[in-house]
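The values are calculated or read from the model by the stated rules, or taken from the named source; none is laboratory data. Predicted model, so just to flag it, every value in this text is computed and none were measured. Please note: Cβ atoms are built from the backbone with ideal geometry, for glycine as well, and neighbour counts cover all protein chains shown. Calculation scope for accessible area: heavy atoms of the full protein, side chains included, ligands and nucleic acids excluded. Shrake-Rupley method; radii C 1.70, N 1.55, O 1.52, S 1.80 Å.
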Amino acid sequence: AQTVTQSQPEMSVQEAETVTLSCTYDTSESDYYLFWYKQPPSRQMILVIRQEAYKQQNATENRFSVNFQKAAKSFSLKISDSQLGDAAMYFCAYRTYNNNDMRFGAGTRLTVKP
Amino acid sequence: DAGVTQSPTHLIKTRGQHVTLRCSPISGHKSVSWYQQVLGQGPQFIFQYYEKEERGRGNFPDRFSARQFPNYSSELNVNALLLGDSALYLCASSFTQFGSYEQYFGPGTRLTVT
(Lines give C-alpha, C1' and ligand atoms only; values in the text may rest on other atoms or scores of the structure.)
Protein backbone atom coordinates (compact mmCIF):
# COMPACT_ATOMS: atom_id res chain seq x y z
CA ALA A 1 0.00 0.00 0.00
CA GLN A 2 1.18 3.47 -0.77
CA THR A 3 1.69 5.53 2.37
CA VAL A 4 3.04 9.00 3.01
CA THR A 5 4.74 9.87 6.29
CA GLN A 6 5.49 13.30 7.67
CA SER A 7 7.45 12.84 10.87
CA GLN A 8 7.38 16.48 12.00
CA PRO A 9 3.96 17.46 13.39
CA GLU A 10 5.20 21.01 14.02
CA MET A 11 8.09 23.14 12.85
CA SER A 12 9.11 26.69 13.62
CA VAL A 13 11.33 29.11 11.70
CA GLN A 14 12.47 32.67 12.15
CA GLU A 15 11.40 35.11 9.49
CA ALA A 16 13.96 35.29 6.62
CA GLU A 17 15.53 31.99 7.68
CA THR A 18 15.39 28.62 5.90
CA VAL A 19 13.40 25.59 7.00
CA THR A 20 13.14 22.05 5.66
CA LEU A 21 10.04 19.87 6.01
CA SER A 22 10.48 16.10 5.73
CA CYS A 23 8.40 13.54 3.89
CA THR A 24 8.91 9.87 3.15
CA TYR A 25 6.68 7.56 1.15
CA ASP A 26 6.32 3.91 0.43
CA THR A 27 5.52 2.56 -3.02
CA SER A 28 6.41 -0.22 -5.42
CA GLU A 29 5.46 1.88 -8.42
CA SER A 30 8.01 3.48 -10.75
CA ASP A 31 5.86 6.21 -12.29
CA TYR A 32 4.36 8.62 -9.82
CA TYR A 33 4.07 12.24 -8.79
CA LEU A 34 4.84 13.94 -5.52
CA PHE A 35 3.34 17.18 -4.30
CA TRP A 36 3.59 19.67 -1.48
CA TYR A 37 0.37 21.47 -0.61
CA LYS A 38 -0.09 24.41 1.73
CA GLN A 39 -3.27 24.77 3.78
CA PRO A 40 -3.58 28.12 5.56
CA PRO A 41 -6.26 28.76 8.22
CA SER A 42 -8.63 29.68 5.38
CA ARG A 43 -8.62 25.90 4.66
CA GLN A 44 -8.02 26.19 0.92
CA MET A 45 -5.36 23.75 -0.21
CA ILE A 46 -2.81 25.40 -2.50
CA LEU A 47 -0.25 23.53 -4.58
CA VAL A 48 3.26 24.66 -3.66
CA ILE A 49 5.41 22.42 -5.81
CA ARG A 50 5.25 19.22 -7.87
CA GLN A 51 7.86 16.60 -8.78
CA GLU A 52 7.61 13.88 -11.43
CA ALA A 53 9.42 10.73 -10.31
CA TYR A 54 11.08 10.22 -13.70
CA LYS A 55 12.81 13.59 -13.45
CA GLN A 56 16.14 13.53 -11.66
CA GLN A 57 16.29 17.29 -11.37
CA ASN A 58 14.75 18.68 -8.21
CA ALA A 59 11.79 20.99 -8.73
CA THR A 60 12.06 24.65 -7.76
CA GLU A 61 9.41 27.36 -7.47
CA ASN A 62 10.83 30.69 -6.34
CA ARG A 63 11.65 30.33 -2.62
CA PHE A 64 10.45 26.71 -2.55
CA SER A 65 12.58 23.77 -3.60
CA VAL A 66 12.55 20.03 -3.02
CA ASN A 67 15.17 17.41 -2.35
CA PHE A 68 13.87 14.30 -4.13
CA GLN A 69 15.73 11.09 -3.29
CA LYS A 70 13.97 8.36 -5.27
CA ALA A 71 15.98 5.43 -3.94
CA ALA A 72 15.45 6.55 -0.37
CA LYS A 73 11.79 7.44 -1.10
CA SER A 74 12.29 10.83 0.44
CA PHE A 75 10.80 14.15 -0.67
CA SER A 76 11.65 17.13 1.52
CA LEU A 77 10.56 20.73 1.04
CA LYS A 78 12.94 23.63 1.63
CA ILE A 79 11.53 27.09 2.17
CA SER A 80 14.11 29.85 1.85
CA ASP A 81 13.76 33.41 3.13
CA SER A 82 10.69 32.42 5.15
CA GLN A 83 7.87 34.95 5.27
CA LEU A 84 5.03 35.40 7.74
CA GLY A 85 2.61 34.34 5.00
CA ASP A 86 4.30 30.95 4.81
CA ALA A 87 2.72 29.98 8.14
CA ALA A 88 0.30 27.12 7.42
CA MET A 89 -0.16 23.36 7.44
CA TYR A 90 1.98 21.69 4.81
CA PHE A 91 0.95 18.36 3.34
CA CYS A 92 3.08 16.00 1.30
CA ALA A 93 1.08 13.97 -1.23
CA TYR A 94 1.68 11.09 -3.64
CA ARG A 95 -0.16 9.90 -6.71
CA THR A 96 0.65 7.34 -9.39
CA TYR A 97 0.33 8.28 -13.05
CA ASN A 98 -2.88 6.42 -13.77
CA ASN A 99 -4.46 6.22 -10.35
CA ASN A 100 -6.87 8.77 -9.06
CA ASP A 101 -6.21 8.10 -5.39
CA MET A 102 -3.93 10.84 -4.06
CA ARG A 103 -2.40 9.92 -0.70
CA PHE A 104 -1.61 12.66 1.80
CA GLY A 105 0.62 12.69 4.85
CA ALA A 106 -0.66 13.86 8.22
CA GLY A 107 0.80 17.32 7.74
CA THR A 108 3.38 19.61 9.35
CA ARG A 109 2.27 22.83 11.02
CA LEU A 110 4.79 25.57 10.20
CA THR A 111 5.03 28.63 12.42
CA VAL A 112 7.00 31.67 11.27
CA LYS A 113 8.30 33.93 14.02
CA PRO A 114 8.80 37.63 13.30
CA ASP B 1 -11.88 33.10 -13.54
CA ALA B 2 -13.69 31.73 -10.53
CA GLY B 3 -12.02 28.95 -8.60
CA VAL B 4 -13.60 25.81 -7.27
CA THR B 5 -16.67 26.66 -5.21
CA GLN B 6 -18.36 24.53 -2.57
CA SER B 7 -21.62 24.87 -0.69
CA PRO B 8 -22.56 25.12 2.03
CA THR B 9 -19.58 26.46 3.99
CA HIS B 10 -20.69 24.94 7.26
CA LEU B 11 -23.31 22.35 8.12
CA ILE B 12 -24.57 20.82 11.34
CA LYS B 13 -26.49 17.54 11.18
CA THR B 14 -27.76 14.95 13.63
CA ARG B 15 -26.74 11.30 13.66
CA GLY B 16 -28.80 9.24 11.21
CA GLN B 17 -29.59 12.16 8.92
CA HIS B 18 -28.61 12.56 5.31
CA VAL B 19 -26.45 15.33 3.84
CA THR B 20 -25.69 16.64 0.34
CA LEU B 21 -22.60 18.68 -0.40
CA ARG B 22 -22.11 20.54 -3.65
CA CYS B 23 -19.11 21.47 -5.76
CA SER B 24 -18.66 23.56 -8.87
CA PRO B 25 -15.37 23.01 -10.71
CA ILE B 26 -13.28 25.57 -12.50
CA SER B 27 -14.71 26.33 -15.93
CA GLY B 28 -13.36 23.82 -18.45
CA HIS B 29 -12.42 21.23 -15.83
CA LYS B 30 -14.07 17.86 -16.38
CA SER B 31 -12.78 15.98 -13.37
CA VAL B 32 -13.97 16.38 -9.79
CA SER B 33 -12.53 14.58 -6.78
CA TRP B 34 -13.84 14.49 -3.22
CA TYR B 35 -11.72 14.21 -0.08
CA GLN B 36 -12.52 13.89 3.61
CA GLN B 37 -10.21 15.68 6.04
CA VAL B 38 -10.70 14.77 9.66
CA LEU B 39 -9.31 17.30 12.14
CA GLY B 40 -5.57 16.87 12.58
CA GLN B 41 -5.16 14.56 9.59
CA GLY B 42 -4.43 14.82 5.92
CA PRO B 43 -7.21 14.57 3.32
CA GLN B 44 -8.41 11.11 2.40
CA PHE B 45 -9.63 10.32 -1.12
CA ILE B 46 -13.34 9.45 -1.44
CA PHE B 47 -14.28 9.63 -5.14
CA GLN B 48 -13.20 10.87 -8.51
CA TYR B 49 -15.64 11.63 -11.32
CA TYR B 50 -14.60 12.33 -14.88
CA GLU B 51 -16.95 12.98 -17.73
CA LYS B 52 -19.88 12.15 -15.44
CA GLU B 53 -18.61 8.66 -14.61
CA GLU B 54 -17.06 7.35 -11.41
CA ARG B 55 -13.38 6.74 -12.12
CA GLY B 56 -12.08 6.00 -8.67
CA ARG B 57 -13.28 5.25 -5.18
CA GLY B 58 -11.47 5.28 -1.87
CA ASN B 59 -12.03 3.06 1.13
CA PHE B 60 -15.36 4.50 2.25
CA PRO B 61 -18.63 2.69 3.05
CA ASP B 62 -21.60 2.61 0.70
CA ARG B 63 -23.23 5.35 2.76
CA PHE B 64 -21.08 7.67 0.68
CA SER B 65 -22.16 8.29 -2.90
CA ALA B 66 -21.63 10.99 -5.47
CA ARG B 67 -22.57 12.03 -8.95
CA GLN B 68 -21.49 14.48 -11.59
CA PHE B 69 -23.85 16.50 -13.71
CA PRO B 70 -23.65 17.46 -17.41
CA ASN B 71 -22.17 20.85 -16.43
CA TYR B 72 -19.46 18.92 -14.49
CA SER B 73 -20.62 20.12 -11.09
CA SER B 74 -20.85 17.38 -8.48
CA GLU B 75 -22.72 16.32 -5.38
CA LEU B 76 -21.47 14.20 -2.51
CA ASN B 77 -24.17 12.42 -0.53
CA VAL B 78 -23.74 10.80 2.85
CA ASN B 79 -26.55 8.71 4.35
CA ALA B 80 -27.11 7.60 7.95
CA LEU B 81 -24.59 10.08 9.34
CA LEU B 82 -22.27 8.96 12.12
CA LEU B 83 -20.34 11.11 14.58
CA GLY B 84 -17.17 10.00 12.79
CA ASP B 85 -18.35 11.66 9.58
CA SER B 86 -17.62 15.06 11.14
CA ALA B 87 -14.87 16.50 8.96
CA LEU B 88 -13.90 19.05 6.34
CA TYR B 89 -15.01 17.82 2.91
CA LEU B 90 -12.85 19.08 0.10
CA CYS B 91 -13.62 19.12 -3.58
CA ALA B 92 -10.88 19.39 -6.18
CA SER B 93 -11.18 19.87 -9.92
CA SER B 94 -8.76 19.23 -12.74
CA PHE B 95 -8.80 19.44 -16.51
CA THR B 96 -8.16 15.80 -17.13
CA GLN B 97 -8.25 12.45 -15.38
CA PHE B 98 -4.70 11.15 -15.40
CA GLY B 99 -1.19 12.37 -15.83
CA SER B 100 0.63 15.29 -14.29
CA TYR B 101 -2.49 17.35 -13.89
CA GLU B 102 -2.84 19.85 -11.09
CA GLN B 103 -5.83 19.58 -8.80
CA TYR B 104 -7.37 22.85 -7.66
CA PHE B 105 -9.09 22.64 -4.31
CA GLY B 106 -12.17 24.42 -3.08
CA PRO B 107 -12.46 25.96 0.40
CA GLY B 108 -14.30 22.94 1.73
CA THR B 109 -17.52 22.27 3.63
CA ARG B 110 -17.21 21.81 7.37
CA LEU B 111 -19.68 19.10 8.45
CA THR B 112 -20.43 18.63 12.13
CA VAL B 113 -22.51 15.61 13.18
CA THR B 114 -24.03 15.77 16.68
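The table for this structure:
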quantity: Accessible solvent surface per residue of the protein assembly as shown, calculated while the other protein chains remain in place, 1.4 angstrom probe, Å²; calculated: 47
quantity: Unit charges on C-beta of K, R, D, E only; dipole of chain A, Debye; calculated: 80
quantity: Rg to Rh quotient for the stretch A:1-70, alpha carbon positions, Kirkwood Rh; calculated: 0.96
quantity: Contact order relative to length of chain B, as percent, for alpha carbon pairs under 8 angstrom and 6 or more apart; calculated: 37
quantity: Delta accessible area of at least 20 Å² on complex formation, residues of the stretch A:66-114, 1.4 Å probe, chain isolated as reference; calculated: A:Phe91, A:Arg95, A:Tyr97, A:Asn98, A:Asn100, A:Asp101, A:Met102, A:Phe104, A:Ala106
quantity: Accessible carbon and sulfur surface of the protein assembly as shown relative to its total accessible area, %, 1.4 Å; calculated: 46
quantity: Protein-protein interface of the stretch B:70-114, residues with accessible area decrease of at least 50 Å², isolated chain reference, 1.4 Å probe; calculated: B:Phe98, B:Gly99, B:Ser100, B:Tyr101, B:Glu102, B:Phe105, B:Pro107
quantity: Occluded residues from the stretch B:37-53, i.e. those whose accessible area drops by 30 Å² or more once the chain is not alone (1.4 Å probe); calculated: B:Gln37, B:Gly42, B:Pro43, B:Phe45
quantity: Over chain A, relative contact order from alpha-carbon pairs under 8 Å, at least 6 apart, %; calculated: 37
quantity: For the stretch B:17-95 and the stretch A:66-87, distance of Cα centres in Å; calculated: 29
quantity: Per-pair calculated FRET efficiency, R0 = 41 Å: B:His10 and A:Tyr97 via Cβ, rounded to 0.05; calculated: 0.70
quantity: Buried accessible area, chains A and B (both chains, 1.4 Å probe, Å² to nearest 100); calculated: 1900
quantity: Pairs from A:Lys78/B:Lys30; A:Lys70/B:Lys30; A:Lys38/A:Lys73 whose Cα-Cα separation, in the structure shown, is over 28 Å; calculated: A:Lys78/B:Lys30; A:Lys70/B:Lys30
